[in-house]
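**Q** Here's a structure for you.
The values are calculated or read from the model by the stated rules, or taken from the named source; none is laboratory data. These numbers were taken from a predicted model, which means no experiment stands behind them. In this analysis, Cβ positions are derived from the backbone assuming ideal geometry, glycine residues included, and neighbour counts consider all displayed protein chains. Side chains are part of the model used for accessible areas, which takes the heavy atoms of the whole protein and leaves out ligands, DNA and RNA. Shrake-Rupley method; radii C 1.70, N 1.55, O 1.52, S 1.80 Å.
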Amino acid sequence: MYHLIADLLTAWHARQQRALPWRDAPPGARDPYSVWVSETMAQQTQLAVVVDYFNRWMARFPRLESLAEADQQEVLKLWEGLGYYSRARNLHKTAQILVREHAGELPRTRRELLRLPGIGEYTAGAILSLAYGLPEPAIDGNVRRVFSRLWDIDDRIDSPAAQKRIASLASNLEAAAPQPAALNEALMELGALLCRPRNPLCRDCPLQSSCMAHTRGVQDSRPVRAPRKRTPHYDFTAAVIWQGAPDNSPFLIARRPDDGLLGGLWSLPGARCGPDDENLHACLRRSVCQKLGLAIAVTEPLTTVEHTFTHFHMTLHAFHARICRGAPRAVGYPDWRWTTLAEAELLPFAVPDRKLADALRARTQS
DNA sequence: AATTCGGGGCA
DNA sequence: TGCCCAGAATT
């Protein structure tokens, strides 16, 4: 059974796999650094989005050593817009650890890989198999979905029972595969191209006659997902604090702490509105006082921006402001600076702050 | 075991 | 709109 599935899958993959920039060598014989970067970018991110980021990244940081020597701001700038910024900070940090303690090479054991920031069970397995050719499973969301259908697993996909079952099945399949690395990639490719979350293309699937969910006609209700919570809505504020005359002088930006939302990126100072804030102006005065040690006067509104994160929806209210008293100090932020619209292009900002910059630019041009 | 952490693509 | 994506780290 396992041999049949492994052979069918491998043959299908040899014909149908997509061309991707990191697939420049057969699975099992790739540059470990390229595998690590591409797999990290691919975490919770569709490959179609990753391709351009990967190419830009490898052009600027072709080797692990060049990444280790880079400035964190430049690393984040290359990641700007891709999301989950701890991935970029951890790549940078781990590159420095590897140069310092591991001769600039990625380890060849799961135990050592798992100690490195940003490398979990999946990414460790992907590096071990796709780069080093070792018979290690690499279980991602695609593989879980494919297995839940092949064996019609009706436990919730995130339950311990389902996880154990899938790990066991993956291990058996891996042992039956002629090329374990190719099998891992084939499982993921099948999940991405045919065994999709919605509207799976069972007609074209090489495993159709082996698939229990298809036989029972329940492929559309596999995997069984956990119910999702409604995403809450929060109001945020941001201030354009002008150094001199509005629209015609530098304004203040702050770098966000490495831990937490959008860590390490620059943004306009501000905060989420709390229960103690009487209104948006009060929220803004409070947060700028707490985080920059600055008393400001909020003047006219700039714009309002909507943005949806994974776990909440944000309405961002931006205002113009001027300093009443004090000078900026890095209290609640690790850093701050005066900047201009032109200069801000070169710094890493998250999407909501890019939208504010666009509104500011539209203003000064009119 | 449950949360946190981005952003875009797509029905 | 909601769902999901080649997950990891934290609580």
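**Q** So which pairs qualify, if the first residue must be in the range A:29-53 and farther than 13 Å from residue A:188 by Cα and part of a helix (DSSP H, G or I), the second must be within 9 Å of DNA strand C (Cβ to nearest atom) and open to solvent by 10 Å² or more (accessible area, probe 1.4 Å), the Cβ gap must be under 6 Å, and the two must be at least 6 apart or on different chains?
**A** Correct list of pairs: A:34/A:22; A:38/A:22; A:40/A:87; A:50/A:42.
**Q** Would you say residue A:306 is loosely packed, with under 12 Cβ neighbours inside 10 Å, touching a Ser or Thr at 6+ places or on another chain (Cβ under 9 Å) and farther than 22 Å from residue A:243 by Cβ? Can you show your working first?
**A** Working: loosely packed, with under 12 Cβ neighbours inside 10 Å: yes; touching a Ser or Thr at 6+ places or on another chain (Cβ under 9 Å): yes; farther than 22 Å from residue A:243 by Cβ: yes.
It is true that residue A:306 is loosely packed, with under 12 Cβ neighbours inside 10 Å, touching a Ser or Thr at 6+ places or on another chain (Cβ under 9 Å) and farther than 22 Å from residue A:243 by Cβ.
**Q** Given (1) charged (D, E, K, R); (2) within 30 Å of the chain's Cα centre (by Cα); (3) not in a loop (DSSP other than H, G, I, E, B), identify the lone condition not met by residue A:203.
**A** With (1) charged (D, E, K, R); (2) within 30 Å of the chain's Cα centre (by Cα); (3) not in a loop (DSSP other than H, G, I, E, B) applied to residue A:203, the lone miss is (2).
**Q** Would you mention how many residues in the range A:97-149 are open to solvent by 40 Å² or more (accessible area, probe 1.4 Å), of a type in the set (Lys, Arg) and assigned to a helix (DSSP H, G or I)?
**A** 4
**Q** Taking residue A:100, is it within 22 Å of residue A:24 (Cβ to Cβ), over 21 Å from the mean Cα position of the chain (by Cα) and more than 16 Å from DNA strand B (Cβ to nearest atom)?
**A** Details: within 22 Å of residue A:24 (Cβ to Cβ): no; over 21 Å from the mean Cα position of the chain (by Cα): yes; more than 16 Å from DNA strand B (Cβ to nearest atom): yes.
When the stated conditions are applied, residue A:100 does not pass them.
**Q** Out of the range A:54-92, which residues are part of a loop (DSSP other than H, G, I, E, B) and either farther than 19 Å from residue A:123 by Cα or open to solvent by less than 70 Å² (accessible area, probe 1.4 Å) (or both)?
**A** Step one: of the range A:54-92, the residues part of a loop (DSSP other than H, G, I, E, B) are A:61-63, A:70-71, A:80-85.
Within the range A:54-92, A:61, A:62, A:70, A:71, A:80, A:81, A:82, A:83, A:85 qualify.
**Q** Right, here's the next one. Name the single residue that is farthest from residue A:317 (Cα to Cα) among those in the range A:214-253 being out of contact with any Leu (no Cβ under 7 Å at 6 or more places or on another chain) and of a type in the set (Gly, Ala, Ser).
**A** Out of the qualifying residues, it is A:217.
**Q** While we're here: Pick from A:9, A:91: which is in contact with a helix residue (DSSP H, G or I) (Cβ under 8 Å, 6 or more places away or on another chain) and within 16 Å of DNA strand B (Cβ to nearest atom)? If you could, list the steps in order and put the result at the bottom.
**A** Values: A:9 fails: within 16 Å of DNA strand B (Cβ to nearest atom).
Only one candidate passes the filter, namely A:91.
**Q** Oh, and also: Mind checking whether some residue in the range A:5-18 is farther than 30 Å from residue A:101 by Cβ, within 16 Å of DNA strand C (Cβ to nearest atom) and either touching a Phe, Trp or Tyr at 6+ places or on another chain (Cβ under 6 Å) or acidic (Asp, Glu) (or both)? Give the steps one after another, and end with the answer.
**A** Taking the range A:5-18 first, the residues farther than 30 Å from residue A:101 by Cβ are A:5-18.
Those still in the list that are within 16 Å of DNA strand C (Cβ to nearest atom) too: A:9-10, A:12-18.
Then keep just the ones that are either touching a Phe, Trp or Tyr at 6+ places or on another chain (Cβ under 6 Å) or acidic (Asp, Glu) (or both); that gives none.
There is no residue in the range A:5-18 that is farther than 30 Å from residue A:101 by Cβ, within 16 Å of DNA strand C (Cβ to nearest atom) and either touching a Phe, Trp or Tyr at 6+ places or on another chain (Cβ under 6 Å) or acidic (Asp, Glu) (or both).
**Q** Between residues in the range A:108-123 that are closer than 11 Å to residue A:39 by Cβ and modelled with pLDDT under 95 and residues that are not β-branched (Val, Ile, Thr) and not in a helix (DSSP H, G or I), which pairs lie under 6 Å by C-beta distance while being six or more apart or on different chains?
**A** Hits for this filter: zero, empty list.
**Q** Mind listing whichever residues of the range A:257-267 are within 8 Å of DNA strand B (Cβ to nearest atom) and either open to solvent by less than 10 Å² (accessible area, probe 1.4 Å) or closer than 21 Å to residue A:327 by Cβ (or both)?
**A** A:263, A:265
**Q** Okay, moving on. Free of Cβ contacts under 8 Å to residues at least 24 places away in the same chain and either of a type outside the set (Gly, Ala, Ser) or away from DNA strand B (no atom under 16 Å from the Cβ) (or both): is that true of residue A:160 in this structure? Give the derivation first.
**A** Values: free of Cβ contacts under 8 Å to residues at least 24 places away in the same chain: yes; either of a type outside the set (Gly, Ala, Ser) or away from DNA strand B (no atom under 16 Å from the Cβ) (or both): yes.
Considered against the rule, which asks whether it is free of Cβ contacts under 8 Å to residues at least 24 places away in the same chain and either of a type outside the set (Gly, Ala, Ser) or away from DNA strand B (no atom under 16 Å from the Cβ) (or both), residue A:160 comes out as yes.
**Q** Please go through (1) in the same structural domain as residue A:38 (by TED's automatic domain parsing); (2) in contact (Cβ under 8 Å) with a residue 60 or more places away in the chain; (3) assigned to a loop (DSSP other than H, G, I, E, B) for residue A:226 and return the number of the only condition it doesn't satisfy.
**A** With respect to (1) in the same structural domain as residue A:38 (by TED's automatic domain parsing); (2) in contact (Cβ under 8 Å) with a residue 60 or more places away in the chain; (3) assigned to a loop (DSSP other than H, G, I, E, B), residue A:226 is out only on (1).
**Q** Same structure, new question: Pairs only if they're at least six apart or on different chains, beta carbon under 6 angstrom, first in the range A:308-320 and within 12 Å of residue A:353 (Cα to Cα) and away from DNA strand B (no atom under 11 Å from the Cβ), second hydroxyl-bearing (Ser, Thr, Tyr) and open to solvent by less than 10 Å² (accessible area, probe 1.4 Å); list them, first residue then second.
**A** A:317/A:237
**Q** Check the range A:187-195 and report whether any residue there is assigned to a helix (DSSP H, G or I), open to solvent by less than 10 Å² (accessible area, probe 1.4 Å) and of a type in the set (Asp, Glu).
**A** yes
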